[in-house]
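For reference, the structure is listed below as structure tokens.
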Amino acid sequence: MFESLFDALQTQLKSRNFESVKLPSDFEEHHDKDSRYVIRNWLFKSPEFRRWRITTLDGGESLQVFNSVAYPIFSNEKPILGVDILWFGKSSKLLAVIDYQPLIQSKSYLEKYSSRLKKIKDKYLDFDNTQMKNIYDSTKYFSPWVIICRGNNDNFVKDLYEVFTLILEEYLRMNEQDKKNYFLNSVQIKQKQIDYDNYSIEKDPAEKLFKKFFGESWTQFFIHNFLFALSEKHH
Ligand code: BLA
């Protein structure tokens, strides 16, 4: 269902000379025992990005997920790009969350990097929502302009493509244009990215779904070694 988003992202990364990183076959593609759910993963890197991962979960009519996280290298203080887009077939609900996820919450950092989302989002009224339920703490690793959209119609899917590609292009541009740091040094950036992975592992509602489909041990291995690879491994 989100193939067009996936294709747009892959095209952008390939045209910018990102290198594709080979994954263990069990991460490349993994099925539940009835093959009703299939999870696929891709990993890219470049001189500016230490890790750009993409995950899709294909549950046919009942569930479709497109998830991606871009981590700049430790000498680059830019926000993490976070994308979580889900379609729940039974209730016909689409949830799209996209953010330039800030490493710190200082006003000037947010203004400099994350506020670029505002210009994009202002053009698409359906996406003018920043209200989160309480799964995540909206003041930790989310910006005031986080895009959270809950919808269900076709028009929305078309807008989603435009919003996604605009956000992606702006994010890549921001990382190409200004390579100086103004707020954090490499030690701090690294610590913030570790903390992001630990925080995400603690909050991510995906774990519950994965356990249901793929079992406890594969799920633990997958989230600690692929989704949030800097997280502490022992729990
Ligand atoms: C919410 N993400 C969710 C929910 C589920 C998933 C089941 C709750 C849905 C609901 O409230 O209706 C599921 N997330 C997944 C799955 C994957 C996944 C299956 O990552 C597979 C890989 N989540 C992220 C990233 C962001 C993110 C990178 O992984 C950052 C943009 C955000 N997901 C996010 C937020 C919510 C959410 C903020 C809650 C939305 C809200 O509070 O309204």
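The values are calculated or read from the model by the stated rules, or taken from the named source; none is laboratory data. The structure displayed is predicted, hence computed values, not measured ones. When we count neighbours, we look across all protein chains shown, and the Cβ atoms used for this are built from the backbone with ideal geometry, even at glycine. Accessible surface areas use protein heavy atoms only, side chains included; no ligands, DNA or RNA. Shrake-Rupley method; radii C 1.70, N 1.55, O 1.52, S 1.80 Å.
Applying both filters, DSSP loop and at most 11 other Cβ atoms within 10 Å, to the chymotrypsin sites (Phe, Trp or Tyr not before Pro) of the stretch 151-235 gives Tyr182.
Counting other C-beta atoms within 10 Å, and keeping those with at most 16, which DSSP coil GluC sites (Glu not before Pro) do you find in the stretch 134-235? Those satisfying the criteria are Glu232.
Rolling a 1.4 Å probe across the protein heavy atoms gives the chain an accessible surface of 49 Å² per residue.
In plain terms, if you count all Cα to Cα distances in the stretch 1-64 and split them into 10 Å steps from zero, the share in each step is 20, 45, 28, 6, 0 percent. For the chain, taking Cα atoms only, Rg and Dmax work out to 17.0, 51 Å respectively. Ordering Ser108, Tyr199, Val163 by the projection of their Cα atoms onto the charge dipole of the chain, which places +1 on the Cβ of Lys and Arg and -1 on the Cβ of Asp and Glu, puts Ser108 at the extreme positive end. The accessible area of Leu43, taken with all protein chains in place and a 1.4 Å probe, comes to roughly 20 Å².
Here's the list of lysines a cross-link from Lys140 could span, going by alpha-carbon distance under 20 Å and ignoring same-chain residues fewer than 8 apart: Lys78, Lys107, Lys112, Lys118, Lys190, Lys192, Lys203.
Qualifying GluC sites (Glu not before Pro) in the stretch 20-116, where qualification requires a DSSP coil assignment and no more than 11 other C-beta atoms within 10 Å, comprise Glu61. Calculated [222 nm] ellipticity per residue, helices only, for the chain: -10500 deg cm²/dmol; basis is -39500 (n - 2.57) per DSSP H run with n ≥ 4, divided by all residues, nearest 500. Placing +1 on the Cβ of every Lys and Arg and -1 on the Cβ of every Asp and Glu, with no other charges, gives the chain a dipole of roughly 540 debye about its Cα centre. Just the protein heavy atoms count here, and of the accessible area of the chain at 1.4 Å, carbon and sulfur take up 51 percent. The alpha-carbon of Lys14 sits under 17 angstrom from the alpha-carbons of these aspartates and glutamates, leaving out residues fewer than 8 places away in its chain: Glu3, Glu48, Glu169, Glu170, Glu176.
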